[in-house]
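Undergrad: One structure follows; several queries about it will come next.
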């Protein structure tokens with residue numbers, strides 16, 4: 001059977017990217033709550049700066065698909081309000097989920113009431129993460145940017161209600177809704193793991209989010225706004241940002257984008273000071289970790305307060321069994337090197353499609369420690 005050349009088939013991500021570009025969120029020109037992840041990015045949008053970059057992000061597209069599927073099923077099975085629009089003069093967005101309480105739900109037609117009302121009106125935001133970020137999710141919960149975004153959504157509903165537009169007029173007639181609860185639902189894109197973080201609505205945090213927007217709006221140019229990430233190659237938010245070239249400029253060929261931050265010797269001097277201070281923190285942190293590693297060496301695995309102690313390693317180290325390889329060479333009528341050379345014999349057996357016999361040694365792999373957050 002002849003396989004068709006892969007070049008005859010376009011990447012399916014091309015289709016996904018083009019479809020994503022046609023979604024209302026992608027064509028939106030007003031600042032969205034999801035754009036508040038970075039002050040500089042928000043400033044580019046507010047100032048109407050043209051996008052300078054377009055990079056296909058399969059991870060972001062997968063996140064969109066997961067959002068769409070989960071919210072659609074939540075609407076059907078739970079009766080939650082999903083993907084409802086909110087807006088004011090400064091920001092607009094689409095709220096993933098709103099779960100109404102009984103008193104508010106009774107003001108709506110039956111078709112819009114949840115099957116199980118919440119104790120208090122709850123605004124939920126769904127976030128997808130990779131397995132590499134999952135430990136941070138369990139240990140630290142939502143980031144400041146994620147909390148800012150969901151509080152903006154909740155505050156818009158509390159102050160302005162749902163946007164008065166086609167498809168949700170009846171919701172708009174509710175007016176301001178007293179949101180009391182915030183829920184962040186994290187989904188791991190790699191294995192489907194789920195983690196839910198619920199907190200009370202925090203008026204002060206909502207006020208800080210509004211202040212954040214006001215500060216961006218007061219900038220005379222995007223360059224006055226702060227960069228909240230360290231640039232392409234260091235933060236994925238920059239790798240896929242539509243304004244990365246405008247923000248970081250074009251470095252010399254073969255140089256990282258961050259080199260554009262150095263303009264003179266004083267910049268180098270300050271960068272080296274920052275490096276030295278960071279190294280001192282690293283050294284102090286490593287000393288603490290090394291001490292703790294010795295202290296708990298005799299402690300069994302298990303839960304200790306907010307953390308779980310796990311041990312790894314300690315397995316027997318294997319190596320190629322030279323005597324059995326010689327026997328295998330004879331059986332397969334292969335030429336044994338005049339001087340026994342284990343590495344060369346392994347290559348010959350592998351090339352011949354034969355299994356390499358292994359034997360356990362007296363050595364063992366290093367014992368490793370792993371500390372993960374406890375999750376109820």
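Undergrad: Would you mind ranking 350, 122 by Cβ crowding within 10 Å, fewest neighbours first?
TA: So the ranking, lowest neighbour count to highest, is 350, 122.
Undergrad: Could you list the square roots of 5 times each eigenvalue of the Cα gyration tensor of the range 312-373, that is, the equivalent ellipsoid semi-axes, sorted largest first and rounded to whole Å?
TA: Listed largest to smallest, the semi-axes of the range 312-373 are 33, 12, 9 Å.
Undergrad: Which log10 I(q)/I(0) values does the range 58-180 give at q = 0.09, 0.16 Å⁻¹ under the Debye formula, counting every alpha carbon as one identical point scatterer?
TA: -0.27, -0.82
Undergrad: In percent, what relative contact order does the chain have, based on Cα pairs under 8 Å that are 6 or more apart in sequence?
TA: Relative contact order here is 15 percent.
Undergrad: Which distance in Å, rounded to a whole number, links the C-alpha centroids of the range 306-376 and the range 201-252?
TA: 49 Å
Undergrad: Counting only Cα, what are the radius of gyration and maximum Cα-Cα distance Dmax of the range 109-211, in Å?
TA: Reported Rg and Dmax, both Å: 15.3, 44.
Undergrad: Taking neighbour counts of Cβ atoms within 10 Å as a proxy for exposure, in what order, fewest first, do 368, 64 appear?
TA: Sorted ascending by nearby Cβ count, the order is 368, 64.
Undergrad: Calculate how steeply helix 58-78 sits against the longest principal axis of the alpha-carbon atoms of the chain, using the helix alpha-carbon long axis, and give the answer as 0 to 90 degrees to the nearest 10.
TA: Roughly 60 degrees between the two axes.
Undergrad: Tell me the angle of helix 322-331 to the major Cα principal axis of the chain, expressed in degrees between 0 and 90 and rounded to the nearest ten.
TA: Approximately 80 degrees, to the nearest ten.
Undergrad: Go ahead and set up a Gaussian network model of the chain, Cα springs under 10 Å, then flag whichever of 146, 318, 207 fluctuates most.
TA: In this elastic network of the chain, the residue with the biggest mean-square fluctuation among 146, 318, 207 is 318.
Undergrad: Strictly greater than 22 Å: what percent of every Cα pair in the range 160-250 meets that?
TA: 62 percent
Undergrad: Using helices alone, what [θ] at 222 nm do you get for the chain, with -39,500 (n - 2.57) per DSSP H run of 4 or more residues, divided over all residues and rounded to the nearest 500?
TA: -12000 deg cm²/dmol
Undergrad: A follow-up question, please. Using only Cα atoms, tell me the angle between helix 203-217 and the longest principal axis of the chain; keep it within 0 to 90° and round to the nearest 10.
TA: Value to nearest ten degrees: 90.
Undergrad: Antiparallel as a % of all DSSP beta bridges within the chain, to the nearest 5?
TA: The answer is about 75 percent antiparallel.
Undergrad: Quick one: grab the alpha carbon gyration tensor of the range 243-346, order the square roots of its eigenvalues as a ≥ b ≥ c, and give me rounded if a/c is under 1.5, else prolate or oblate depending on whether a/b is larger than b/c.
TA: It is oblate, given that a/c is not under 1.5 and a/b is not larger than b/c.
Undergrad: Sticking to Cα atoms, compute the Rg of the chain to one decimal and its Dmax as the biggest Cα-Cα distance, whole number, in Å.
TA: 28.1, 90
Undergrad: Taking a point 7 angstrom from the Cα of residue 49 along the C-beta vector, which residues in the range 249-277 have backbone N less than 19 Å away?
TA: Zone members listed by number: 249-252, 257-263.
Values quoted throughout were computed directly from the atomic coordinates according to the rules given, and no laboratory measurement underlies them. Please read these numbers as outputs of a predicted model, since none were measured by experiment. Cβ: placed from backbone, ideal geometry, glycine included. Neighbour counts: every protein chain shown.
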